[in-house]
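For reference, the structure is listed below as structure tokens.
The values are calculated or read from the model by the stated rules, or taken from the named source; none is laboratory data. Keep in mind the model is a prediction, meaning the values are calculated, not measured. Neighbour counts run over all protein chains shown; Cβ positions are idealised from the backbone, glycine included. Note: accessible area is taken over every heavy atom of the protein model, side chains too, but ligands, DNA and RNA are not part of it. Shrake-Rupley method; radii C 1.70, N 1.55, O 1.52, S 1.80 Å.
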Amino acid sequence: MQIRKSVLVPHPAEAMFDLIEAVEHYPAFVHGCRSVALIERTDDVVAARLTLRQAGVSIELETRNPKRRPTWMEVKLTRGPFRHFLGEWRLTPLNASACRIDFTLAYEMDGVAGRIAAPVFARIADNLVDAFVARAARVLPAGLAAPKAPPSAALPVEPQAVPEPERAIEPIAPIISPDFSPEPAAVASATAPSTDPDLGTLLMETLKMDATLLELLRASKLAAELTEEESRLLAGVMTLHDLKEGDVLVHEGTSDNHLYLLAKGALGVVKGVETPAERVTINTLSSGDFAGELSFMDAQTRFASLVALSDARVMGLEREKLESLLEAHPWLVYRVMRAIIRAVHQIQYRLSMQQSELSNYIYKQHGRY
């Protein structure tokens, strides 16, 4: 089972992150969450034990979630009735008083008890983003930051169960699915009654960017074997970079976990980019070429910099993002890796031919020199 939801909200990323991270308050607004015991909170992780109950079915689980305030938190299961379970929150600031929230969760229940609890957990998980949007609308004035989460503690805290209080029915804000493509009038309706006059524009720009990325991906060799649905899933975890001539996308000697696909313009593979006297362009990449295939797979530092030789548009795929699709969509990942290997094979073939030609020239063999 996989859940993917995106929403734009008229609140700062810092404020929304604090709401999401403050797990001890979930029983107050997350439907089906009966109690929470906070186990640990530091600057880098928050761990808790949660009891979910609905329709007479109870689910207990523990999570230990790495975090990077205010833009990212992973949801990692340490105990619970799941065969696999991995989620992620990503918050992208759009301006000082608005952000985009992306939530993904892939899971599979385990055993007979898990199969019984699956429909209950699915309802709770599917409404999770709605709950946070409604909570923000209730406790956060538009454009104002939320109260800070409790101070970080280096040592584990004593678990304390939080009982579920009575709750009123809260309004649910509209959720934007990856396939949503509204007319301008619909966008205006979806963003009302926001007090931020720029939110509708931000929504249109974000949707347009997503559609552009999907279109570019469909036309690329990375998606050569992907179905339409697989292309949408992959586009949902990719990023789009617009570069000006001279911009450095990746610096030599740094570790970068992205595969890049050049959609427009030209990129130079450059050694010594910081020292003009020693600068050497090793290769020039054009539209359709991959960059960083080997570093993407083996996590080694970059041998050279990637520099825009003209205005360029580049798609990026983070290795961890691709890996997050592995359990729920193994064939998608397999087909993407096949595309990468084909590109590496072509490079290897070209290098072999060039080595053969160079040997012929040096040793004057086979009459080709």
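Taking first residues from region 270-282 that are polar (S, T, N, Q) and partners that are surrounded by 14 or more Cβ atoms within 10 Å (Cβ to Cβ) and in a strand (DSSP E or B), the Cβ contacts under 9 Å between residues at least 6 apart in sequence or on separate chains come to Thr281/Gly268; Thr281/Val269; Thr281/Val270; Thr281/Lys271; Thr281/Val307. All but one of (1) without any contact (Cβ under 8 Å) to a residue 24 or more places away in the chain; (2) open to solvent by 20 Å² or more (accessible area, probe 1.4 Å); (3) not acidic (Asp, Glu) hold for Leu285, so report the exception by its number. Condition not satisfied by Leu285: (2).
Just checking, does region 31-45 include any residue being out of contact with any His (no Cβ under 8 Å at 6 or more places or on another chain), outside any strand (DSSP E or B) and surrounded by 22 or more Cβ atoms within 10 Å (Cβ to Cβ)? So far as region 31-45 goes, yes, one or more of its residues are out of contact with any His (no Cβ under 8 Å at 6 or more places or on another chain), outside any strand (DSSP E or B) and surrounded by 22 or more Cβ atoms within 10 Å (Cβ to Cβ).
Please determine whether any residue of region 116-125 is in contact with a Lys or Arg (Cβ under 9 Å, 6 or more places away or on another chain) and not hydrophobic (A, V, I, L, M, F, W, C). Walk me through how you get there before you give the answer.
Keep residues of region 116-125 that are in contact with a Lys or Arg (Cβ under 9 Å, 6 or more places away or on another chain), which gives 120.
Then drop every residue that is not not hydrophobic (A, V, I, L, M, F, W, C), which leaves none.
Taking every residue of region 116-125 in turn, none turns out to be in contact with a Lys or Arg (Cβ under 9 Å, 6 or more places away or on another chain) and not hydrophobic (A, V, I, L, M, F, W, C).
Scanning region 1-27 for residues that are among the small types (Gly, Ala, Ser) and at pLDDT 90 or above turns up Ala13, Ala15, Ala22.
Can you tell me how many residues within region 54-68 are buried (at least 17 other Cβ atoms within 10 Å of the Cβ) and of a type outside the set (A, V, I, L, M)? Steps first, answer last, please.
Our first condition is that a residue be buried (at least 17 other Cβ atoms within 10 Å of the Cβ); within region 54-68, this holds for 54, 59, 61, 63, 65, 67.
Filter again for of a type outside the set (A, V, I, L, M), leaving 54, 63, 65, 67.
The qualifying residues number 4.
Scanning region 289-319 for residues that are open to solvent by 20 Å² or more (accessible area, probe 1.4 Å), of a type in the set (Gly, Ala, Ser) and modelled with pLDDT of 90 or more returns a single hit, Ser310.
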